Amino acid sequence: MQTRHLVITGRVQGVGFRYYMEYKARQFHVTGWVRNRRDGSVEAMIQGTPENVAAMIVRAHRGPPKASVDAVGVSEGSGEFSKFVARPTA
């Protein structure tokens, strides 16, 4: 299993980005969480097979139709997750 921490910037709030990530997480069988941040970015922790985590990172670069992603920061993540959930804004 691989865990990655993502910080997604651009026009990523108010466009359904968290719902999009939840949908893709189910599609790619990854666990973790996603939340909006007060600075306007979206943050996610993704855990799964290396292939599925990589697929999620590709989807994070695309985002939902109304999003405009400027950058996706990827770093090592940590934690154990049993499902993928949306968390409150931090």
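On alpha carbon coordinates alone, what is the Rg over Rh value for the chain, Rh being the Kirkwood radius?
Values: Rg = 11.5 Å, Rh = 12.5 Å.
Taking Rh as the inverse mean 1/r over Cα pairs, Rg/Rh reads 0.92.
So how strong a dipole does the chain carry about its Cα centre when Lys and Arg Cβ are +1 and Asp and Glu Cβ are -1, to the nearest 20 debye?
Computed about the Cα centre, the dipole is about 340 debye.
Between the DSSP loop rule and a limit of at most 13 other Cβ atoms within 10 Å, which GluC sites (Glu not before Pro) in the chain are left? Don't jump to the answer; show the numbers that get you there.
Details: sites: Glu22, Glu43, Glu51, Glu76, Glu80; in loops: Glu80.
Here the GluC sites (Glu not before Pro) that fit, given the DSSP loop and packing criteria, are Glu80.
Choose one answer from Val30, Val12, Val58: the residue with the largest mean-square fluctuation in a GNM of the chain with alpha-carbon springs under 10 Å.
Residue with maximal mean-square fluctuation among Val30, Val12, Val58: Val58.
Since every read-out is calculated from the coordinates, none of them should be taken as a lab result. The model shown is predicted, which means the values in this text are computed figures rather than measured ones. So basically every Cβ, Gly included, is an ideal-geometry build from the backbone, and we count neighbours across all protein chains shown.
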